[in-house]
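Engineer: Here it is: the structure, laid out below.
The values are calculated or read from the model by the stated rules, or taken from the named source; none is laboratory data. What you see is a predicted model, and the numbers here were worked out from it, not measured in a lab. As a convention, Cβ positions derive from the backbone with ideal geometry for all residues, glycine included, and neighbour counts pool all protein chains shown.
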Amino acid sequence: MMALSIHAQFRMNDGHSNLSQPDFTMVEKNSNGRIKSVRYAATDPNIPATAVDFFNSTCIKCKTDSFALDRFQETDYGMRFERYQQYFQGVLVDDGYYIFRFKNGKMKVVKGNCVNTTNINPQPSLTESEAIDSYASYLGVRKCDIIQSYVDLMVKEIPDTHRKGTTVSLTYRVYLRTFNVTDCFVGYIDAHTGELLLKEKAYYSSSATGQFYTYYNRNLNDQPKSGITEYTNNKYYLADNTRGNGIHTYKQNQSGSTEFFSNNDNIWTRDELGDYNIALDVHWTMEQIYDLMNSQFSRNSYDGSGRLVKSYIDPLATNSYYIPNYDDRFIFAVALGSSVYGPFGSVDVIGHEYGHAILCNTTNFQNGQIGDPKNAIHEGLADIWGIIFEKYITPSADYWKTAEQFMIDGSSCLRNFQNPDDLTAYTQIASTYGHGVFYSSDPHVVGGILPYWFYLLVNGGTGTNGYNNVYQLLPVGFELAVELFSKTTLTFAYLDGCTSFSDVMYAFIDAALDMNNDFLAEQVENTWYAVGLTVEPTHIHNMSYAPGSATYYVYGNSNCTVNWSISNLFGSSPILVPNSNDYSCTVYSNASFGCYLNATINCSGCTVTYSRYISGTSSPSSAGDDILRVIPLSENRYQISLSSRSDGKDKMVCIKVYDVKNLQTKIHDNFEKEDYIFEMFSWKRGFYIIEITMGKKKYTTKLSVR
Ligand SMILES: [Zn+2]
């Protein structure tokens with residue numbers, strides 16, 4: 001019957017084997033003959049690939065029993081843990097479970113117990129209320145003294161006092177909370193006979209749904225919010241053990257000691273909590289954030305592995321913060337006596353701190369020393385998480401402002417991400433890299449260009465930045481911006497190793513390119529241009545040249561329409577034909593001309609006009625871009641070639657390459673022949689202007705090195 005493995009041997013009681021790496025697969029059984037543990041030898045050729053294979057191959061499962069995955073966890077050291085709960089025809093079997101430990105995907109150890117459910121009738125003869133009555137009569141409790149009752153139907157192994165071993169029964173586990181009686185026992189009532197089979201000392205703990213009269217998150221009728229609490233020995237605690245490894249909210253006493261918040265009836269009022277009443281906002285918000293991370297971003301807590309969320313409500317602190325590494329906790333200030341701030345318990349501020357935790361744990365993007373730009377980047381990215389959480393959790397809130405709920409000094413908010421210069425905000429934030437308040441010593445102010453960049457990416461718009469550069473942005477919308485932001489910040493792949501704002505810019509551009517969304521990638525680059533971090537990207541691209549015609553296109557999405565036009569024309573008039581079904585047009589001409597080609601794009605109500613100078617001789621071309629072709633040969637290796645439309649008489653040409661950020665910096669300056677191949681291994685990522693002089697003609701084109 002047991003076909004575990006050809007190497008299987010049964011463990012001797014006095015075995016001295018090395019348990020962590022046994023030479024043979026070792027199987028241990030319990031008194032009912034079912035498997036208690038299996039430790040697989042690494043060399044065993046018959047290790048089950050999955051838990052399901054294990055159940056099938058060991059015949060533990062008979063046709064009425066099932067095992068369902070109820071918990072799993074993955075570690076960063078290559079382990080995966082799975083727990084399977086036994087059910088008998090849909091009824092939970094207490095003490096029936098198996099826990100699997102996989103190392104690098106390979107099953108290593110199985111431990112657990114399978115309860116023998118033979119001869120159990122899973123249909124109870126008693127109702128839940130009859131079970132409660134039965135238990136109450138055993139306890140001598142009057143029905144009117146019962147405040148609350150908890151009943152669960154389950155199959156239970158009952159220790160048999162007469163014979164050795166156990167018997168298995170269908171039972172109701174009953175716990176009664178009563179007036180005048182401190183009942184610290186749970187009773188197991190036979191679900192067929194009503195007999196009390198077992199009374200256990202109860203450290204009875206179960207999840208309950210509490211009602212929170214939150215401080216900040218109130219609706220018009222002040223209806224309470226619902227949240228999970230833990231019920232233990234007649235009291236409710238602000239502890240939710242149903243989400244990941246838990247969400248626990250603690251009271252930090254003035255003396256420095258900490259304790260759980262507790263409550264008698266699970267209806268938590270602001271008055272009962274006094275100065276600590278934001279504990280209800282914090283607990284509820286952390287639960288909402290957990291659910292959002294889970295449903296929207298497929299993340300189990302901020303580290304992706306169910307990390308326990310520990311929040312401390314602190315009457316002595318003057319701010320809110322997240323402490324990473326060994327301490328790993330959130331602090332939320334009550335701000336007693338402050339004339340500027342109320343208690344730090346709004347969704348955006350809690351979400352901001354949660355954002356720090358994501359960056360420190362999921363991406364390993366840590367803060368630096370004082371003055372390190374990474375601190376400002378951390379603050380800016382945390383603000384964006386605050387925006388996202390506030391919009392999704394409390395959509396009616398003004399999510400482009402932070403802390404608008406708790407400024408008590410007359411300020412409209414702490415920071416305004418829509419309007420960085422807002423004088424009614426407590427602090428103004430940087431809107432252009434290296435300009436204005438960007439040189440503040442406050443990392444929240446410096447990092448402000450990141451939430452402002454995010455605002456521009458979502459909403460688009462036109463404007464002029466601190467360098468007097470005019471920008472025209474198309475909106476990508478909140479959902480797509482969130483997708484980009486979460487894909488970039490919920491992995492180590494992009495942000496780890498970034499030390500500057502420029503690195504962060506490329507991280508987001510890389511992520512957009514990895515999403516295969518050219519429209520998004522261009523607007524991401526365009527918004528970084530708007531906040532002063534790079535040059536304006538090309539908006540009108542060239543698709544093809546053919547004798548007498550050239551085709552140009554812009555990037556759009558399904559919300560965009562484009563209108564093409566020509567302006568500032570000299571020479572003969574070319575024919576412009578918009579192409580249907582994409583964002584392109586074709587220009588036809590057989591005579592010389594020069595003009596601007598304009599694409600007016602309307603996207604979700606936002607209109608911009610992008611322009612590009614094009615010209616033609618006997619057939620149309622686009623200034624230097626047409627004569628000069630930049631052909632990537634391999635990464636960091638480009639060939640500059642002259643098109644057939646150059647007259648070709650001058651084989652000797654002068655080539656100069658400039659760094660676009662500083663046109664004084666010449667990267668390359670030489671006369672060359674025919675093959676112009678640039679090796680760019682030592683070139684920094686960025687934009688370069690290539691200028692080629694042939695005889696009296698000068699052509700330029702732009703080259704981007706990624
Ligand atoms: Zn912060």
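Engineer: So which of SER5, SER20, SER31 is in contact with a Phe, Trp or Tyr (Cβ under 8 Å, 6 or more places away or on another chain), farther than 16 Å from GLN85 by Cα and at pLDDT below 80? Step through it out loud before you land on a result.
Structural biologist: Numbers: SER20 fails: in contact with a Phe, Trp or Tyr (Cβ under 8 Å, 6 or more places away or on another chain); SER31 fails: in contact with a Phe, Trp or Tyr (Cβ under 8 Å, 6 or more places away or on another chain).
None of the others qualify; the one that does is SER5.
Engineer: Moving on. Read through the list (1) assigned to a helix (DSSP H, G or I); (2) in contact with a Phe, Trp or Tyr (Cβ under 6 Å, 6 or more places away or on another chain); (3) free of Cβ contacts under 8 Å to residues at least 60 places away in the same chain; (4) of a type in the set (Ser, Thr, Tyr), then give the number of the only condition that SER502 fails.
Structural biologist: It is condition (2) that SER502 fails.
Engineer: Now, a different point. Residues of segment 332-347 being within 16 Å of the ligand (Cβ to nearest atom) and either surrounded by fewer than 20 Cβ atoms within 10 Å (Cβ to Cβ) or under 19 Å from the mean Cα position of the chain (by Cα) (or both), which ones? Let's see the steps before the verdict.
Structural biologist: Initial filter on segment 332-347 (within 16 Å of the ligand (Cβ to nearest atom)): 332-333, 335, 341, 344-347.
VAL347 - this is the single residue of segment 332-347 that is within 16 Å of the ligand (Cβ to nearest atom) and either surrounded by fewer than 20 Cβ atoms within 10 Å (Cβ to Cβ) or under 19 Å from the mean Cα position of the chain (by Cα) (or both).
Engineer: Given the criteria within 16 Å of the ligand (Cβ to nearest atom), surrounded by fewer than 24 Cβ atoms within 10 Å (Cβ to Cβ) and at pLDDT 90 or above, does ARG299 qualify? Steps first, answer last, please.
Structural biologist: Numbers: within 16 Å of the ligand (Cβ to nearest atom): no; surrounded by fewer than 24 Cβ atoms within 10 Å (Cβ to Cβ): yes; at pLDDT 90 or above: yes.
So ARG299 does not fit the description; no.
Engineer: Now for a separate question. Being farther than 25 Å from SER338 by Cα, away from the ligand (no atom under 13 Å from the Cβ), aromatic (Phe, Trp, Tyr) and in contact with a Gly (Cβ under 9 Å, 6 or more places away or on another chain) narrows it down to one of PHE406, PHE438, so name that one. Show your work before the answer.
Structural biologist: Working: PHE406 fails: farther than 25 Å from SER338 by Cα.
Within the list PHE406, PHE438, the selection yields PHE438.
Engineer: Count, please, the residues in segment 183-214 that happen to be at pLDDT below 90 and in a loop (DSSP other than H, G, I, E, B).
Structural biologist: Of the residues in segment 183-214, 5 are at pLDDT below 90 and in a loop (DSSP other than H, G, I, E, B).
Engineer: Checking TYR455 against (1) modelled with pLDDT of 95 or more; (2) not in a helix (DSSP H, G or I), which single condition isn't satisfied?
Structural biologist: Only one criterion is unmet by TYR455, namely (2).
Engineer: Sticking with this structure for a sec: Can you tell me which residues in segment 372-400 are outside any helix (DSSP H, G or I) and within 16 Å of the ligand (Cβ to nearest atom)?
Structural biologist: From segment 372-400, those outside any helix (DSSP H, G or I) are 372, 394-400; that's our starting set.
The one that is outside any helix (DSSP H, G or I) and within 16 Å of the ligand (Cβ to nearest atom): ASP372.
Matching residues to (1) surrounded by fewer than 22 Cβ atoms within 10 Å (Cβ to Cβ); (2) touching a Cys at 6+ places or on another chain (Cβ under 6 Å); (3) in the same structural domain as PRO373 (by TED's automatic domain parsing):
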| position | (1), (2), (3) |
| --- | --- |
| PHE478 | yes, no, yes |
| GLU483 | yes, no, yes |
| SER486 | yes, no, yes |
| THR489 | no, no, yes |
| PHE492 | yes, no, yes |
| PHE501 | no, no, yes |
| GLN523 | no, no, yes |
| ALA550 | no, no, no |
| SER558 | yes, no, no |
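Engineer: Additional query: When you go through (1) part of a helix (DSSP H, G or I); (2) at pLDDT below 95 one by one for ASN542, which number turns out not to apply?
Structural biologist: Here ASN542 clears every test but (1).
Engineer: Would you mention how many residues in segment 325-371 are outside any helix (DSSP H, G or I) and not acidic (Asp, Glu)?
Structural biologist: As a first pass, look at segment 325-371 and keep what is outside any helix (DSSP H, G or I): 325-346, 362-371.
Still in the list and also not acidic (Asp, Glu): 325-326, 329-346, 362-371.
Counting residues in segment 325-371 that are outside any helix (DSSP H, G or I) and not acidic (Asp, Glu) gives 30.
Engineer: Also: Inspect all residues belonging to segment 227-246 and state whether any of them is without any contact (Cβ under 8 Å) to a residue 24 or more places away in the chain and over 22 Å from the mean Cα position of the chain (by Cα). Talk me through it step by step, then tell me what you get.
Structural biologist: Let us first name the residues in segment 227-246 that are without any contact (Cβ under 8 Å) to a residue 24 or more places away in the chain, namely 239.
In the following step, the residues that additionally are over 22 Å from the mean Cα position of the chain (by Cα) were identified as 239.
Looking through segment 227-246, at least one residue is without any contact (Cβ under 8 Å) to a residue 24 or more places away in the chain and over 22 Å from the mean Cα position of the chain (by Cα).
Engineer: Does any residue in segment 349-364 that is in contact (Cβ under 8 Å) with a residue 12 or more places away in the chain and buried (at least 24 other Cβ atoms within 10 Å of the Cβ) come within less than 8 Å, Cβ to Cβ, of a residue that is charged (D, E, K, R) and not in a loop (DSSP other than H, G, I, E, B) six or more places away or on a different chain, and which pairs are these?
Structural biologist: Note: pairs meeting the criteria are ILE350/ASP281; GLY351/GLU390; HIS352/ASP383; GLY355/ASP383.
Engineer: For residues in segment 304-331 being modelled with pLDDT under 95, over 21 Å from the mean Cα position of the chain (by Cα) and more than 15 Å from the ligand (Cβ to nearest atom), which is surrounded by the most Cβ atoms within 10 Å (Cβ to Cβ)?
Structural biologist: Filtering segment 304-331 for residues that are modelled with pLDDT under 95, over 21 Å from the mean Cα position of the chain (by Cα) and more than 15 Å from the ligand (Cβ to nearest atom), the one surrounded by the most Cβ atoms within 10 Å (Cβ to Cβ) comes out as ASP314.
Engineer: Among the candidates ASN300, ASN264, ASN319, ASN361, which residue alone is of a type outside the set (A, V, I, L, M, F, W, C), in the same structural domain as HIS378 (by TED's automatic domain parsing) and at negative phi? Let's see the steps before the verdict.
Structural biologist: On the way: ASN300 fails: in the same structural domain as HIS378 (by TED's automatic domain parsing); ASN264 fails: in the same structural domain as HIS378 (by TED's automatic domain parsing); ASN319 fails: in the same structural domain as HIS378 (by TED's automatic domain parsing).
Step by step, each of ASN300, ASN264, ASN319, ASN361 is checked, and only ASN361 is of a type outside the set (A, V, I, L, M, F, W, C), in the same structural domain as HIS378 (by TED's automatic domain parsing) and at negative phi.
Engineer: If you don't mind, there's one more thing I want to ask. Name the pairs whose Cβ atoms lie under 6 Å apart, with the first residue in segment 436-464 and farther than 27 Å from SER486 by Cβ, the second assigned to a helix (DSSP H, G or I) and within 16 Å of the ligand (Cβ to nearest atom), and 6 or more positions between them or separate chains?
Structural biologist: Correct list of pairs: VAL437/VAL445; SER440/VAL446.
Engineer: Shifting gears a bit: Out of the residues in segment 243-267 meeting the condition of being in contact with a strand residue (DSSP E or B) (Cβ under 6 Å, 6 or more places away or on another chain) and under 19 Å from GLN148 (Cβ atoms), tell me which one is surrounded by the fewest Cβ atoms within 10 Å (Cβ to Cβ). Give the steps one after another, and end with the answer.
Structural biologist: So the first thing to find is which residues in segment 243-267 are in contact with a strand residue (DSSP E or B) (Cβ under 6 Å, 6 or more places away or on another chain), and the list is 247-252, 258-263, 266-267.
From the residues that got through so far, the ones that are under 19 Å from GLN148 (Cβ atoms) too are 262-263, 266-267.
Working: SER262: 16, ASN263: 19, ASN266: 17, ILE267: 13.
Going through the qualifying residues, I end up with ILE267.
Engineer: Still on this structure, please answer the following. Residues PHE478, PHE485: which one is in contact with a Lys or Arg (Cβ under 9 Å, 6 or more places away or on another chain), under 24 Å from ASP398 (Cβ atoms) and of a type in the set (A, V, I, L, M, F, W, C)? Give the derivation first.
Structural biologist: Numbers: PHE485 fails: in contact with a Lys or Arg (Cβ under 9 Å, 6 or more places away or on another chain).
On inspection, the qualifying residue turns out to be PHE478.
Engineer: May I pose another question? For ARG101, state whether it is charged (D, E, K, R) and within 28 Å of LEU170 (Cβ to Cβ).
Structural biologist: Working: charged (D, E, K, R): yes; within 28 Å of LEU170 (Cβ to Cβ): no.
So ARG101 does not fit the description; no.
Engineer: When segment 348-371 is examined, which residues are found to be within 12 Å of the ligand (Cβ to nearest atom) and among the small types (Gly, Ala, Ser)?
Structural biologist: GLY351, GLY355, ALA357
Engineer: Related question: Please specify each residue of segment 416-445 satisfying the condition of being among the aliphatic types (A, V, I, L, M) and buried (at least 17 other Cβ atoms within 10 Å of the Cβ). Before you say what the answer is, go through the steps one by one.
Structural biologist: Here is the first cut: in segment 416-445, the ones among the aliphatic types (A, V, I, L, M) are 423, 425, 429-430, 437, 445.
Answer for segment 416-445, where residues must be among the aliphatic types (A, V, I, L, M) and buried (at least 17 other Cβ atoms within 10 Å of the Cβ): ALA425, ILE429, ALA430, VAL437, VAL445.
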